[in-house]
């Protein structure tokens, strides 16, 4: 790939020679729907930036039940930071739920970039902290909010994701039964119609 995506806002202000160096260590990978970027049990050795598509992050409990932990789409970085930093097996699965196109940096690439361009290490570190903060805030709110509020916040934060994912996965992520999500959606549609009359 020869051009750095303009959508990576944090890096737009970097000098062109730095961007060229980073792009020399970047590759593009396509994932078919249903394929995985990372599977539970594997050690994470790479980071990705989604150019196209949606990835679902989930784990499987001791009863074999899936628990959706989140979604990532265009403009999102994906990495299992605990697995990557500690070189331990991941507890999460990162599955393409649509066809996905991702910029990939292997561990060796990240290390090389950090040596050649120390300022990028700070940028990436700050970005990871921001991602972790936002995810922590979202998880905290999910514990505090009722089901309707959780759904409303989800559609506010992820309007571009909702039309492309199964409502079953959304319900699982929100911690509610699919029937409850259907009821909430109907109630909100009725309420919206009354407001718009």
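Each reported figure results from applying straightforward, stated rules to the coordinates on display, with no laboratory input. All of these numbers come straight from a predicted model, not from anything done at the bench. Glycine gets a Cβ as well: all are built from the backbone with ideal geometry, and neighbour counts include every protein chain shown.
Of note:
- For segment 83-174, radius of gyration divided by Kirkwood radius, i.e. Rg to Rh on alpha-carbons: 1.04
- Helical mean residue ellipticity (222 nm; -39500 (n - 2.57) per DSSP H run of 4+; nearest 500) of the chain: -14000 deg cm²/dmol
- Segment 9-78: radius of gyration over Cα atoms, expressed as a fraction of 2.2 N^0.38 Å: 1.39
- Percent of alpha-carbon pairs separated by more than 22 Å within the chain: 53
- Förster radius 35 Å - calculated FRET efficiency between residue 125 and residue 36 (Cβ-Cβ, nearest 0.05): 0.85
- With N the number of residues in segment 145-197, Rg(Cα) / (2.2 N^0.38 Å) evaluates to 1.12.
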